Amino acid sequence: MTTRNLLLMFAVLTFGWATAQEKEPTTPEETEIYEPVPPKVTPGEDGAPPSDAIVLFDGTSLDKWISSVDSTAAKWILNDDGSMTVKDRTGDIQTKQNFGSVQLHIEWKSPAEVQRDGQNRGNSGVFLNNLYEVQVLDNNNNDTYVNGQVGSIYKQHVPLAMASVPSGEWNTYDIIYHAPEFEKGQKVKSGTLTVIHNGVLIQDHVEIKGTTPYIGWPKNPPHGKGPLRLQDHGDNSRVSYRNIWVRELD
């Protein structure tokens, strides 16, 4: 890339296109950028993760997870079909590794045998940075408060649609999480979440207002990277998970 093109690109990013133009380009090369070259990523085939993904659960073990209660080995049930299931009242589990902004792929299902109703049916949750919950819930013929239904950013953002498959079948969440930024203990930029549920956009780059408590308003404690956490709701929810991987975005 020529020095002139580098300066032009800097001016475009800093001041906007109109200000950056010294004159109208007269050749295609003047508007072509060749560096930096994006890294090569090989997509996964038949549901496999892409080549640069960090696989957090492939069905063989719970070695990359610990108990959120006491940091001991995760106590959830490892199933023969390559999934894991919440073991009731053993507590949440979380990754040993900490993450900031990520692309997350995770698959989950509620039990085919329907028990209970409302928030007590197939309830779990996916927590980004250990703080911000994307709700997991069996909402099939099961109404609840809409900012707590499946696919909600819990108590903050109602999903654009309810895209669940029938109870007992596998759902997919593909989540893009950009972490908030803090300076001197204060939040200077909100985090965002995008959620695609079974191929349907249900959260469109929404602002994270803060933590997602059951009672009270969102809080904004300063933080860096943190674990991914999966919830044991403590009501014999029997929610199962499989095929969990992330791509780091920072």
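Every read-out reported here was derived from the displayed coordinates using simple, explicitly stated rules and does not represent laboratory data. Given the structure is predicted, the values throughout are model-derived calculations rather than measurements. For neighbour counting, all protein chains shown are included, and Cβ atoms are generated from backbone atoms with ideal geometry for every residue, glycine included.
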Residue order, fewest to most surrounding Cβ atoms within 10 angstrom, among SER71, SER51, SER152, SER167: SER71, SER51, SER167, SER152
Based on C-alpha coordinates, I'd like the Rg and Dmax of segment 47-106, in Å. 12.3, 36
Coil-residue trypsin sites (Lys or Arg not before Pro) of segment 81-187, DSSP, other Cβ within 10 Å capped at 11: ARG89, LYS184
Gap separating the Cα centres of segment 38-68 and segment 183-250, nearest whole Å: 19
Gyration tensor (alpha-carbon) shape descriptor, segment 13-161, a/c threshold 1.5: prolate
In degrees rounded to 10, the 0-90 angle between helix 3-15 Cα long axis and the longest Cα principal axis of the chain is 60
Given N residues in segment 127-208, what is its alpha carbon radius of gyration divided by 2.2 N^0.38 Å? 1.16
Given 16 as the ceiling on other Cβ atoms within 10 Å, longest exposed-site-free region of the chain for GluC sites (Glu not before Pro) in DSSP loops: 170-250
Number of Lys pairs in segment 41-248 with C-alpha atoms less than 16 angstrom apart, excluding same-chain neighbours closer than eight positions? 15
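List the longest stretch of the chain that has no exposed loop site; here a site is one of the chymotrypsin sites (Phe, Trp or Tyr not before Pro) assigned by DSSP to anything other than H, G, I, E or B, with at most 15 other Cβ within 10 Å. If you can, show how the numbers build up before the last one.
Working: sites that count: TYR34, TYR145, TRP170, TYR214.
It runs 35-144.
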For SER101, SER110, SER124, ascending order of other Cβ atoms within 10 Å (fewest first) is SER101, SER124, SER110
Once the convex hull of the alpha carbons of the chain is built, what does its volume come to per residue, in cubic angstrom? 171
Is it possible to state the helix-based mean residue ellipticity at 222 nm for the chain, with each DSSP H run of 4+ residues giving -39500 (n - 2.57), the sum divided by total residues, to the nearest 500 deg cm²/dmol? What is it? -2000 deg cm²/dmol
With 0.36 nm assigned to each residue of separation and the Cα-Cα distance removed, LYS96 to ASP46 gains 15.3 nm
